[in-house]
Amino acid sequence: MASDIMVFVEYKDGNIRKVSLELLTKGQELAKKDGATLYAVIIGFQIQEVAESARAYADKTIIVDNESLNEYRYDTYVSVLEQLVKKYQPSFIFSGSTVTGKDLFPRLAARLNVSIVSDAVGIDFSDNRLKVKKPLYGGKVISWLSFKEGVSPLITFRPNSFSVEKLSLSGEIVEEKIDIFKDQKFNVLSVNKGGIEKVDLQEADFIICGGRGMKGPENFQVLEEIANIMGGRVGASRAVVDSKWREYDDQVGKSGKTVSPKLYIGCGVSGALHHTMGMDTSKIIVAVNKDPNAPIFNYADYGIVDDLFNVLPLLKQELAKSKQDI
Ligand SMILES: Cc1cc2nc3c(=O)[nH]c(=O)nc-3n(C[C@H](O)[C@H](O)[C@H](O)COP(=O)(O)OP(=O)(O)OC[C@H]3O[C@@H](n4cnc5c(N)ncnc54)[C@H](O)[C@@H]3O)c2cc1C
């Protein structure tokens, strides 16, 4: 039997998030190999525009459009997804390992009583078997997991695990009318969205991350300038966030965000395990640290042993020049 795949699609301002496009691209590739159906699931209010974009990737785009789904709440979203999974019976259910995915999918797994693989970074389909790549022990071990016959796992993938291709299918859109369960035990009083519109940290291709070695919040200006030149984002270690130099939204690591950009530059970051767990799958890692024994150099593809206050102005100058030359 073909292994149908369902992708939970996230979107922002009417546009599908990059991580969901990655999963739709990969999901379509896998489904095509197996003669299976790729379902895109979109939940929210007034989501026709998003559904139209998803049609290019999915064989079937299932939408649940209801005013009570306007803001994300785990109770309502879990109840909708639970019913859709039971109805369509996909073999695999994917989500990005995003803030929402991390909140939603473990709850959904418990509700459906199925296994979950979280924070996966790759997938392979060969010999009629799907295998999922997942780092363990802070990235020190890479495991490949496969599933027993009849198990339909939920899998969350780190953003930037797959590339996005522009597909041009014209899949069907199916609107489902579903009873939405709302837990009366709590209410969302307000939602505070971040003030400045920044590239999402988890989806950024370029991250320049400052650690305690940056010495103070005022010195992050040069990191902002470099991030602007590169169209990326500034990240921070927990030491920096705990010192209130940067917001929690910028934190990379175990208790922050897991990132996997094409290029990560750590400046004055020591490379403690709780930090590297959140960035060690970055495609290229560069470290700037004045201590040649800093653990971050064990992860770095390129290391600069120097005072970051010497290095950063030069780095900014060179990056600006190379951008002009392109
Ligand atoms: C449960 C738990 C969860 C955690 N979660 C996270 C997390 O999500 N993210 C995270 O980052 N941490 C996390 N931590 C904390 C983590 O263990 C480290 O304490 C933290 O990452 C250290 O931050 P840092 O590298 O900025 O600071 P430090 O370890 O103090 O390192 C500063 C570095 O800057 C270098 N430096 C200083 N001055 C200069 C200079 N002028 N030029 C160049 N280099 C210089 C130093 O050589 C040093 O290596 C967690 C800890 C626990 C217990």
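The values are calculated or read from the model by the stated rules, or taken from the named source; none is laboratory data. What you see is a predicted model, and the numbers here were worked out from it, not measured in a lab. Positions of Cβ are generated from backbone atoms using ideal geometry, with glycine treated the same way; all protein chains shown enter the neighbour counts.
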Return the residues of the range 203-239 that are in contact (Cβ under 8 Å) with a residue 60 or more places away in the chain, within 15 Å of G278 (Cα to Cα) and away from the ligand (no atom under 13 Å from the Cβ); say none if nothing qualifies. E203
Only one of (1) within 12 Å of the ligand (Cβ to nearest atom); (2) at pLDDT 95 or above; (3) β-branched (V, I, T); (4) within 26 Å of the chain's Cα centre (by Cα) is not met by I284, so which one is it? (1)
Apart from one, (1) under 17 Å from the mean Cα position of the chain (by Cα); (2) within 14 Å of V288 (Cα to Cα); (3) surrounded by fewer than 21 Cβ atoms within 10 Å (Cβ to Cβ) all hold for Y264; the odd one out is (3)
Please go through the range 276-306 and pick out each residue that is without any contact (Cβ under 8 Å) to a residue 40 or more places away in the chain and either in the same structural domain as V121 (by TED's automatic domain parsing) or closer than 14 Å to L201 by Cβ (or both). G278
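Would the range 25-34 turn up any residue that is in the same structural domain as N128 (by TED's automatic domain parsing) and in contact with a helix residue (DSSP H, G or I) (Cβ under 7 Å, 6 or more places away or on another chain)? Explain how you work it out, then say what you get.
Looking only at the range 25-34, we keep the residues that are in the same structural domain as N128 (by TED's automatic domain parsing), and these are 25-34.
Now drop any that are not in contact with a helix residue (DSSP H, G or I) (Cβ under 7 Å, 6 or more places away or on another chain), which leaves none.
Checking the range 25-34: not a single residue is in the same structural domain as N128 (by TED's automatic domain parsing) and in contact with a helix residue (DSSP H, G or I) (Cβ under 7 Å, 6 or more places away or on another chain).
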Would you confirm whether or not the range 266-279 contains a residue that is more than 8 Å from the ligand (Cβ to nearest atom) and closer than 23 Å to D103 by Cβ? yes
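Just the residues that are within 20 Å of V259 (Cα to Cα) and either in the same structural domain as V121 (by TED's automatic domain parsing) or surrounded by 23 or more Cβ atoms within 10 Å (Cβ to Cβ) (or both), please, taken from the range 204-225. Break it down into steps so the answer makes sense when it comes.
Taking the range 204-225 first, the residues within 20 Å of V259 (Cα to Cα) are 204-212, 220, 223-224.
Correct list: A204, I207, I208, C209, G210, G211, L223.
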Long-range neighbours under 8 Å by Cβ, at least six apart or interchain, first residue touching a residue at least 12 places away in the same chain (Cβ under 8 Å) and on the phi > 0 side of the Ramachandran plot within the range 253-268, second part of a loop (DSSP other than H, G, I, E, B) and within 12 Å of the ligand (Cβ to nearest atom): G253/S237; G253/M277; G253/G278; G253/M279; G268/G211; G268/K215
